[in-house]
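For reference, the structure discussed in these notes is given below.
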Amino acid sequence: MTQLNVLEDFPILKQTDKNGNRLCYLDSAATSQKPEPVLRAMDDYYHTINANIHRGIYHIAEEATAAHENVREKVRAFINAGAASEIVFTRNATESINLVAYSWGRQTLQKGDVVLLTEMEHHANLIPWQLLAAEKELRLEFIPVKEDGQLDLEAYAGLLDMRPKLVSISGMSNVLGTIPPTKQMAADAHQAGALFLLDGAQMVPHQKVDIRDIDADFFAFSSHKMLGPTGIGVLYGKQALLEAMPPFFGGGEMIKKVYLRSFIANDVPWKFEAGTPAIAEAIGLGAAIDYLNAIGMDHVSAHEENLTEYAIRSLLTAPGLKILGPLNGKRGSAVSFTVDYAHPHDVAQILDSENICVRAGHHCAMPLHDRFAIPATTRASFYIYNTRDDVDRLLTGLEKVHRLFG
Amino acid sequence: MTQLNVLEDFPILKQTDKNGNRLCYLDSAATSQKPEPVLRAMDDYYHTINANIHRGIYHIAEEATAAHENVREKVRAFINAGAASEIVFTRNATESINLVAYSWGRQTLQKGDVVLLTEMEHHANLIPWQLLAAEKELRLEFIPVKEDGQLDLEAYAGLLDMRPKLVSISGMSNVLGTIPPTKQMAADAHQAGALFLLDGAQMVPHQKVDIRDIDADFFAFSSHKMLGPTGIGVLYGKQALLEAMPPFFGGGEMIKKVYLRSFIANDVPWKFEAGTPAIAEAIGLGAAIDYLNAIGMDHVSAHEENLTEYAIRSLLTAPGLKILGPLNGKRGSAVSFTVDYAHPHDVAQILDSENICVRAGHHCAMPLHDRFAIPATTRASFYIYNTRDDVDRLLTGLEKVHRLFG
Amino acid sequence: MDDIYREIILEHYKNPSYKGELNPADMSFEDENPLCGDHLRIDLRVDEAGTVTDARFSGHGCAISQASADLVVESIIGKNVEELKKMTKEDVLDLLGIEELGPVRLKCALLSLKVLKGGLYGVPEGHSEFE
Amino acid sequence: MDDIYREIILEHYKNPSYKGELNPADMSFEDENPLCGDHLRIDLRVDEAGTVTDARFSGHGCAISQASADLVVESIIGKNVEELKKMTKEDVLDLLGIEELGPVRLKCALLSLKVLKGGLYGVPEGHSEFE
Ligand SMILES: Cc1ncc(COP(=O)(O)O)c(C=O)c1O
Ligand SMILES: Cc1ncc(COP(=O)(O)O)c(C=O)c1O
């Protein structure tokens, strides 16, 4: 059986509303809920070894430092990076991508250089390149998204003839659920002389990632979407790239030696970690990784695939409902749809009255919505704590919307 | 009586080592301990309304958004800013200062412009300007620190003749405890046509701040030093300045409208808050502010002044001990010292064997240590949960160091 | 929460009285709710005394924003442009008959007011554009 | 934790045998522990066969780093330069007679090894300088 049963660890999901309806949380693509062991780990940290790290000689500072750096190793193992020094802690996936744009991008890219993105990028993998393009007069080009939600790989091949310096794409669309063939695309990008940045915000929570197998040069993701706390994210970068990049933020920890008018930068990854890090949050992220490992990422994927397949099958029976993105095959568990009789805002609001949480809007992917010529969609997204019961409730909720607006 | 009694709220401080010694935490200038209400607030958040903010229509997302934005208002009131929109959430004080350097600095400063700092700055208020100076060919100048640890204000007056574009100083030295006359210095800076950035990392936790009275243009501080969690910091900026500044990080939330090759930025403060914020951490910061307000910042200052005065008086009785920075008058509760018979590392290590936590090193202020021609100091720093008993234990610990090394 | 979908709102959403465009119009304002991409335009005819003689709204949006637009447009006909500037959030909520609304939906409800005020006062600050 | 201040360490710290400089030296390496600003320099005399004939250390630092330097310098005299490259962290801890050490103090203990290896292999990567 591929159905997980972890509800015990997520007490928030047992909350009921005034009508006795249990919280049906279908917005994990925005942020996941957090299991008890993650919350306990942070609480324990604050209760036993809370101290600033790296420079402390006393025992709790040493323990805090060890715990923090131990998480770096956990993250390394989780995505199978080559070395813990390739793991830079940031605030979130957004900051990770911005770091690459500011540090690597400003150093490397020059007027007229092409950066190749896709039409389905989250704003986090779009605006940083727009800002850089404005500064450096770069050209942004976009791999089109086909009607079925898949990337147009023939067009990709053609666009690579422009010899982009960077190909930067999401490993899983947070709107369409599309999973591009990242390994092949990375190889093609390298073949064309480009670096390959993978936005893993929607990948890491849901599937086993072997970043060395994919061979991405940079990889970005957030803790809060993978059972971990807010306030911390990860940038993976290949060692040689990180070492060649100039520092980004200046401050404590990122230095070896400081004079009034000059400094010597620290080694990677600390070169990129200025100031007091999100220590408790790193501990929480480590606990989230432990939790996911204990389940096994294969089981996580299997559970979600099963549920997503059931959800799509069910949704397609609803009147006037249209799903954006792939309807079958390997795809993520974010399912966005429209109904022809109601606006996504109204859909979400009615569903909320049944204690069902879905997202309505552009999901930080406005250009993608433009591409499909719709202002907004309703999105249900699933994670390990969702069950077929949640899908059934979504369907019942949609019937209510239909009754009111249809 | 100016002595607070809050130990009940800090269970970590009741931990004992194998010899039965209670944890004597004298490193609050690095990071503070967190009271139970702060930890409970974050736990409650995760247990009841955890959801991504700003765009959610369902009730827990609305509650999370309201709770998050409510903290912005709490921060505003806490430092008496004019509007909540002047409060930008960052990761820490370091990021706050870097944000100003990257966004305001890169837009405004030009070759040859002078940025005026002090010799006692934390690396967080030094390296960002070094990086910018390297990029823009700026000149960095420094207000000297006098032998007694005070800023040389006559020299300041002279340096203002260079018409700096920015004066950026710490409101309290994390090494010397020096508290410069910030209000007067801000007025002088403005008089000379400069903006005034105040690094409040060591101010906000310890004293009542009225940022409009000081009239700083930018103000930076960290949650983790003021009883709040790691992972969140604050940049205050005057509304008109923030509005005129270009966005810094690109991504979700900081936009109004996005096209493939252009975007319209959001209003302040969100313009500077790309990606999923540190939501739980903001809630924790809000609880920390509530906690401090309940005590009253005047009581916090009085408690610390009393304790610091006692600590300095006690330390000066120890053989071969020299305190850096002001010995009396209004000064902060960070007390750094050297002993002529032992290296700070050894001092800290021996103290640790008595379960006393002090910091040894350069405290992220290498140039200041160069200024005093010493490689490192030992620093004891106090906060609301410290008592005279802690000071006495420090003194007993130092006697042990003396026995071994003296 | 579905008690916000009162009859009045569903009615004005499904059968708006003032949906359309005025061609020519004396004043045309538009804006959007970036949260959901909803777009609203309001056309006004104004006589020499500054009185709104006719008005229409167009665009797309959710039930709340569309009903609000229909009600707001209805309410401003016959009023002086100076009076419109004084219209408040509470006025709009009164028209909708809603007492409480979450922050996101409030933006939906007030989009029509935003279009109107934005047009009358000029584009608010903070609208920097990048490309 | 104060059991790391064993007699041997206090002795070599208070009365080092190899503190000083060699003038001239065949090789001089220096580096620091940026955590505490401790600075260490090691001077070597090396004969034609590559054997270290004399060595001294100078600089300032804590008891652990100074004792470590004294012990390391003592131990390398008479060894071949190629042998030095093989010296490990464990070798140094053995000399000090310490089994466990926190990460910060480990850097103190290993500063002498870092100076030696850094010198023999060249400056490690990542030392970008800004001004
Ligand atoms: C004066 C001063 N400024 C800035 C900072 C940097 O704070 P953070 O590491 O939280 O960014 C500190 C913290 O040590 C400080 O003491
Ligand atoms: C594909 C994708 N990339 C990037 C992000 C940004 O993540 P964060 O907001 O945590 O920085 C998201 C989150 O919505 C996402 O779905």
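Read the figures in this text as sums done on the coordinates, not as results from a lab. Treat the numbers as computed from the prediction; the structure is a model and nothing was measured. Counting neighbours? That spans all protein chains shown, and the Cβs are built from the backbone with ideal geometry, glycine included.
Cα-Cα over 18 Å: which of B:74/C:89; A:257/D:107; B:146/B:330? Before the final figure, lay out each step's value.
Numbers: B:74/C:89 24 Å; A:257/D:107 15 Å; B:146/B:330 16 Å.
Correct reply: B:74/C:89.
For segment A:22-41 and segment A:94-144, compute the distance between their C-alpha centroids and round to whole Å.
32
Could you grab the relative contact order for segment C:1-89? Cα pairs under 8 Å, six or more apart, rounded to a whole percent. Mind showing how you got there, number by number?
Working: 136 pairs, mean separation 25.6, N = 89.
About 29 percent, as a whole number.
Just tell me how shielded A:241-250 is by partners: mean number of partner chain Cβ atoms within 10 Å of each residue's Cβ, no decimals. Provide the component values of the computation, followed by the final result.
Values: counts 0, 1, 3, 3, 1, 5, 5, 3, 13, 15.
Mean shielding by partner chains, rounded to a whole number: 5.
How far apart are the residue C:82 label points across copies, placing each 7 Å from Cα toward Cβ, in nm, shortest first?
Distances to the matching label points in the other copies: 9.9 nm.
Roughly how big is segment A:116-243's charge dipole about its Cα centre, with Cβ charges of +1 (Lys, Arg) and -1 (Asp, Glu), in debye to the nearest 20?
On the way: 10 positive and 17 negative charges, 76 e Å.
Its charge dipole is roughly 360 debye.
Only loop residues by DSSP count here, and only those with at most 13 other Cβ atoms within 10 Å; note down the chymotrypsin sites (Phe, Trp or Tyr not before Pro) in segment B:214-255 that meet that.
Taking segment B:214-255 and a limit of 13 other Cβ atoms within 10 Å, no loop chymotrypsin sites (Phe, Trp or Tyr not before Pro) are found.
Only residues of segment B:240-267 count here: report those whose backbone N is under 18 Å from the spot 7 Å along Cα→Cβ of residue C:60, or say none.
Correct set: B:257-260.
Put the label 7 Å from Cα along Cα→Cβ for residue B:70; what are its distances to the other copies, in nanometres, shortest first?
In nanometres, ordered from closest: 3.6.
When the gyration tensor of chain D is built from Cα positions, what are the square roots of 5 times its three eigenvalues, in whole Å, from largest to smallest?
22, 19, 14
Where in segment B:21-86 are there GluC sites (Glu not before Pro) that are in a DSSP coil and have at most 15 other Cβ atoms within 10 angstrom of their Cβ?
Details: sites: B:62, B:63, B:69, B:73, B:86; in loops: none.
Hits after loop and neighbour filter: nothing returned.
Return the FRET efficiency for the residue pair residue B:314, residue C:100: r is the Cβ-Cβ distance, R0 is 51 Å, and the value is rounded to the nearest 0.05.
Values: r = 58 Å, r/R0 = 1.15.
Approximately 0.30, to the nearest 0.05.
Taking the dipole about the Cα centre of the protein assembly as shown, with the C-beta of Lys and Arg at +1 and of Asp and Glu at -1, give me whichever of B:20, B:310, B:364 is farthest to the positive side.
The Cα lying farthest towards the positive end belongs to B:364.
Defining the label point at 7 Å along Cα→Cβ, can you sort the distances from residue B:299 to the same site in each other copy, shortest first, in nm?
5.0
Between their Cα atoms, which of C:79/C:114; A:256/B:165; A:111/B:238 are more than 24 Å away from each other? Working shown, then result.
Working: C:79/C:114 17 Å; A:256/B:165 29 Å; A:111/B:238 34 Å.
Table pairs above 24 Å Cα-Cα are A:256/B:165; A:111/B:238.
Counting each pair of different Cα atoms once, what's the Kirkwood radius of segment B:241-383 in Å, rounded to one decimal? Spell out each step's value before the answer.
Details: mean 1/r = 0.0517 Å⁻¹.
Evaluated over segment B:241-383, this radius sits at 19.3 Å.
Looking down the axis that turns B into A, which residue of B has the closest beta carbon, and how many Å out?
Taking Cβ atoms only, the nearest residue and its distance are B:231, 2.
Find me the longest stretch of chain D that has none of the exposed trypsin sites (Lys or Arg not before Pro), where exposed means in a DSSP loop (not H, G, I, E or B) with at most 15 other Cβ atoms within 10 Å.
Values: sites that count: D:6, D:79, D:86.
Counting only loop sites that pass the neighbour cut-off, the longest clear stretch is D:7-78.
Can you list the DSSP H helices in chain C whose Cα atoms extend at least 18 Å along the helix axis and whose mean Kyte-Doolittle hydropathy is -0.5 or higher?
Long hydrophobic helices here: C:63-76, C:103-121.
Taking just the alpha carbons, could you work out the radius of gyration and Dmax for the protein assembly as shown, both in angstroms?
Looking at the protein assembly as shown, its Cα Rg and Dmax stand at 30.7, 106 Å.
Calculate the FRET efficiency for residue B:262 and residue A:388 from the Cβ-Cβ distance with a Förster distance of 35 Å, rounded to the nearest 0.05.
Working: r = 43 Å, r/R0 = 1.23.
Calculated value: 0.20.
Would you please report the Å³ per residue occupied by the convex hull of the alpha carbon atoms in chain B? Spell out each step's value before the answer.
Values: hull volume 57.9 nm³, N = 406.
Measuring per residue, one finds 143 Å³ for the Cα hull of chain B.
How far is it, in nm, from the label point at residue C:53 to the one at residue B:77 when both lie 7 Å from their Cα along the line to the Cβ?
Reported label-point gap for residue C:53 and residue B:77 is 5.2 nm.
Relative contact order of segment A:40-293: what whole-number percent is it, with Cα pairs under 8 angstrom and at least 6 residues apart? Walk me through the intermediate numbers first.
Numbers: 481 pairs, mean separation 59.8, N = 254.
Here the relative contact order equals 24 percent.
From the helices alone, meaning DSSP H stretches of at least four residues, give me the mean residue ellipticity at 222 nm for chain B, per-run term -39500 (n - 2.57), in deg cm²/dmol to the nearest 500. Let's see the in-between values first.
On the way: 13 runs with 149 residues, N = 406.
Here the helix-only value at 222 nm equals -11000 deg cm²/dmol.
What residue among B:195, B:227, B:214 has its Cα farthest toward the positive end of the dipole of segment B:188-241, where the charges are +1 on Lys, Arg and -1 on Asp, Glu, each on the Cβ?
The listed residue farthest towards the positive side: B:227.
What is the magnitude of the charge dipole of the protein assembly as shown about its Cα centre, with +1 placed on the Cβ of each Lys and Arg, -1 on the Cβ of each Asp and Glu, and no other charges, expressed in debye to the nearest 20?
Numbers: 102 positive and 150 negative charges, 70 e Å.
Dipole of the protein assembly as shown, to the nearest 20 debye: 340 debye.
Roughly how big is segment A:106-157's charge dipole about its Cα centre, with Cβ charges of +1 (Lys, Arg) and -1 (Asp, Glu), in debye to the nearest 20? Each step should come with its number before you reach the end.
Working: 5 positive and 10 negative charges, 76 e Å.
Computed charge dipole of segment A:106-157: roughly 360 debye.
Just tell me which aspartates and glutamates come within less than 12 Å, Cα to Cα, of residue A:183; anything on the same chain fewer than 8 places away is out.
Qualifying aspartates and glutamates at Cα under 12 Å: A:210, A:213, A:215, A:217.
Give the residue list of trypsin sites (Lys or Arg not before Pro) in segment B:301-392 that are DSSP loop and have at most 13 other beta-carbon atoms within 10 angstrom.
Numbers: sites: B:313, B:322, B:330, B:331, B:359, B:371, B:379, B:388; in loops: B:330, B:331.
Answer by residue number: B:330.
What is the distance in Å between the Cα centres of segment C:43-118 and segment A:44-93?
First find each Cα centre; the distance between them is then 54 Å.
Return one number: the angle in degrees, 0 to 90 and rounded to the nearest 10, between the long axis of the Cα atoms of helix A:59-79 and the longest principal axis of the Cα atoms of chain A.
60
Just add up the charged neighbours of residue A:109: K/R +1, D/E -1, any other residue whose Cβ is under 9 Å from the Cβ of residue A:109.
That sum, taken over residues with Cβ under 9 Å, equals +3.
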